[in-house]
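The values are calculated or read from the model by the stated rules, or taken from the named source; none is laboratory data. The structure presented is a predicted model; accordingly, all values stated were derived computationally and were not measured. Cβ coordinates were reconstructed from backbone atoms using ideal geometry, including for glycine residues, and neighbour counts include every protein chain displayed.
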Amino acid sequence: MELSRNKYYISGFKELIAYKKAINLYSDLQGDLQGLGLNDNCSIRKKMGKVASSIARAKGSQYYIEQQIYHYKQALKYTYQVEKELERCRVKNYARCSEELIEIRKLINTYINKINKEK
Amino acid sequence: MIKQINADDKKYLENIKAEDVVIKDFRKLKAYQLSLELIKSIILIANRLPKHETYVLKDQILRASYGVASQISEGNGGLYTKREIQFCSTATASLCEVQAWLDICVLNNYITVEEEMNLERIAVEIKSLLVTYVRELIL
């Protein structure tokens, strides 16, 4: 693994727009998921939480580019899973949630591209 | 086959003083002690969570917090610098995950903002210590 030097600082992930969007979507989904069964509700919330936590993990692993990219890709994976589950459960605001998830995906791809350019 | 120890080897082994052998003790690391403190606080929060959060929030936040302490100890026990840095990096990442799950706890009103701020303070302290360890290892 390539070690990125000159990074002796604590990186903050809370300023990331993708993270903010993921957290906002999590809180917005709370209301929409009320009508669903417990299993579906828990599954979607867990995956949505994992989107946010994977973005945080990616930002946290600041010394290794590969680790960062891996966690961003994990976040991408969870966005697809959430979208599929929302579609399957026919959630009320599916269209809006889907748009938000696409935006998050675009942002994550931007972060990955940025890391690859800086290599 | 058992290796025979000759007289020279024996003499050499006898000459090794106890203080020459350095065994790294991760328990003395401030970051490790703080991570245990963080785990204690998170267990208290996790026990307060409702039953339907057992496999959602509780499971994830506990795993992430245990990860911090275990990565620090595993990294410190290794012989290779690069591996140690890698473990420090993973520990920092786990800390970030803990912070993210704490944010979600606040969203769900499971913990107060003051509680979160308190844990955030510990997390930032651990992170800064980890950054210092890495800096010392790289330089």
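Tabulated values for the structure
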{"quantity": "Criterion: surrounded by 10 or more Cβ atoms within 10 Å (Cβ to Cβ), modelled with pLDDT of 95 or more and more than 16 Å from B:Glu97 (Cβ to Cβ) - qualifying residue of B:Glu74, B:Glu53, B:Glu37", "calculated": "B:Glu37"}
{"quantity": "Matching residues in region A:21-46 - criterion: being within 19 Å of the chain's Cα centre (by Cα) and of a type in the set (A, V, I, L, M)", "calculated": "A:Ala22, A:Ile23, A:Leu25, A:Leu29, A:Leu33, A:Ile44"}
{"quantity": "Residue within region A:69-85 that is modelled with pLDDT under 90 and either surrounded by fewer than 19 Cβ atoms within 10 Å (Cβ to Cβ) or more than 11 Å from chain B (Cβ to nearest Cβ) (or both) present", "calculated": "no"}
{"quantity": "Filter pass, B:Thr92 being within 11 Å of another protein chain (Cβ to nearest Cβ) and within 26 Å of A:Ala22 (Cβ to Cβ)", "calculated": "yes"}
{"quantity": "Evaluation of A:Ala56 against (1) over 30 Å from B:Lys82 (Cβ atoms); (2) within 14 Å of another protein chain (Cβ to nearest Cβ) (one fails), failing number", "calculated": "(1)"}
{"quantity": "Answer residue from region B:54-79, given it is of a type in the set (Gly, Ala, Ser) and over 29 Å from B:Asn108 (Cβ atoms) and is farthest from the chain's Cα centre (by Cα) among those", "calculated": "B:Gly78"}
{"quantity": "Number of positions in region A:5-28 that are more than 10 Å from chain B (Cβ to nearest Cβ) and surrounded by 20 or more Cβ atoms within 10 Å (Cβ to Cβ)", "calculated": "2"}
{"quantity": "Tally of residues being surrounded by fewer than 17 Cβ atoms within 10 Å (Cβ to Cβ) and touching a strand residue (DSSP E or B) at 6+ places or on another chain (Cβ under 8 Å) across region B:77-126", "calculated": "1"}
{"quantity": "Only one of A:Asn113, A:Asn93 that is surrounded by fewer than 13 Cβ atoms within 10 Å (Cβ to Cβ) and more than 14 Å from chain B (Cβ to nearest Cβ)", "calculated": "A:Asn113"}
{"quantity": "Search result, residues across region B:105-127 that are farther than 16 Å from A:Lys59 by Cβ and facing chain A (nearest Cβ under 9 Å)", "calculated": "B:Leu107, B:Asn108"}
